[in-house]
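Below is one structure, written out as structure tokens; comments come after it.
Each reported figure results from applying straightforward, stated rules to the coordinates on display, with no laboratory input. This one's a predicted model, so the numbers in the text were calculated from it and none came from an experiment. As a convention, Cβ positions derive from the backbone with ideal geometry for all residues, glycine included, and neighbour counts pool all protein chains shown.
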Amino acid sequence: MKSLMTRIENIKREIDFSGSVCVKNSDTVLAESITGYANRADSIKNVKGTRFGIASGCKIFTAVAICQLVQKEKLTFDTKLSECLDISFPNFDENITIHQLLTHTSGIPDYFDEEVMDDFEELWIERPMYHMRSLKDFLPLFQNEKMKANPGEGFHYNNAGYILLGLIIEKASGQVFGDYVQQHVFDKAGMVDSGYFALDSLPGKVATGYIDYEDGTWKTNVYSLPVQGGSDGGAFVTAEDMVKFWDALLSNELLSESVTNQLLFPHVLEDGSDFYGYGVWIAKKEGNIFKYHVMGYDPGVSFHSAYYPKSGITLAICANISKGAFKVMNEIEDELI
């Protein structure tokens, strides 16, 4: 694997990458590489076991949690939002289903509307990010807004839908969302270093996210993100733990085979190329599934992770900078896939 490691190291130097890379095939580690600083001010380097924020990359954890509750017959994919939550959504269509929330086809308004705002930090001007500690704290950002489309009409990526899925998990399970995922997803998958941590009470070995500017200056992302991650994004994982997650999912340790197949099914076409399952992107080539993948981007966060069924290869790329993971993934795909 000398050629692979050489390509990974070359692209990381080229883009000044900061983060962790893990590539595995079955029980064989094909490549591991860790560079950059977890804390620039104190010159603390990223090391094996450093935990990184993965933004929307953790929507798949929310989807798995919902699927577990469906498997336990506490919900169905056709259950309506109005049947799950005793929360008022005065302008929402009463026929929105869990399936539509999972596949971004519900048509509900999002709390970050890219047509109105182009900077994620604008969200926290009127509602400071340090007040965003529970899923219900997000409701005032969208619950009284009008529908953007009819339910099932088409794909429109939507963080608010996954906030609602998290609230459904809390109602159906009786547990706080992060506690449920910790017990029923992370612990089951052996993801011993992963969790939903508050930014103002982080445990050890967590990388600070950095926002870099063209003039060479930078700042941390501490005021750019909600203080507590939730069902739409914000978990912290290691690259190794993310590989463990794929192993557990694909070996049916988290869900039955039939429900796993439903999660990984290409339910909706996103933009003419990629499909979307439940919390997971699905790319096809020549009519066959090329990869299942998840991704996450926030200020100071860049993340990609994928499983390639034809080769059996799994990869995870976690970065504590705003971009770079995609280029590293492309380099690995060019060499191996």
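Count, please, the residues in the range 33-58 that happen to be in a helix (DSSP H, G or I) and either surrounded by fewer than 20 Cβ atoms within 10 Å (Cβ to Cβ) or over 22 Å from the mean Cα position of the chain (by Cα) (or both). Here the count works out to 0.
Only one of the numbered conditions (1) touching a Cys at 6+ places or on another chain (Cβ under 9 Å); (2) of a type outside the set (Asp, Glu); (3) touching a residue at least 12 places away in the same chain (Cβ under 8 Å) is not met by residue 29, and that is (3).
Does residue 95 count as touching a helix residue (DSSP H, G or I) at 6+ places or on another chain (Cβ under 9 Å), polar (S, T, N, Q) and not in a helix (DSSP H, G or I)?
Here the answer is yes, as residue 95 does meet what is asked.
Cβ separations smaller than 7 Å between residues 6+ apart or across chains give the following pairs from the range 62-87 residues that are in contact (Cβ under 8 Å) with a residue 12 or more places away in the chain to residues that are basic (Lys, Arg): 84/171; 85/171. Right, residue 278: buried (at least 16 other Cβ atoms within 10 Å of the Cβ) and under 16 Å from the mean Cα position of the chain (by Cα) or not? Yes: the conditions hold for residue 278. Within the range 191-218, the set of residues being small (Gly, Ala, Ser) and closer than 24 Å to residue 242 by Cα comprises 194, 195, 198, 201, 204, 207, 209.
Only one of the listed residues (135, 81, 139) is touching a Gly at 6+ places or on another chain (Cβ under 8 Å) and among the hydrophobic types (A, V, I, L, M, F, W, C). That residue is 135. Of all residue pairs spaced 6 or more apart or on separate chains, none has beta-carbon atoms under 8 Å together with a first member in the range 237-253 that is on the phi > 0 side of the Ramachandran plot and a second member that is of a type in the set (Asp, Glu). Might you check whether a residue that is within 20 Å of the chain's Cα centre (by Cα) and closer than 16 Å to residue 315 by Cα occurs anywhere in the range 88-99? No; the residues of the range 88-99 include none that is within 20 Å of the chain's Cα centre (by Cα) and closer than 16 Å to residue 315 by Cα. Residue count for the range 237-264 satisfying the condition of being in contact with a helix residue (DSSP H, G or I) (Cβ under 7 Å, 6 or more places away or on another chain) and under 19 Å from residue 194 (Cα atoms): 6. For the range 145-167, taking the residues that are polar (S, T, N, Q) and outside any helix (DSSP H, G or I), the one that is nearest to residue 182 (Cα to Cα) is identified as 158.
Screening the range 191-287 for strands (runs of 3 or more DSSP E) wholly inside it with 2 or more residues that are under 30 Å from residue 78 (Cα atoms) returns the ranges 281-285.
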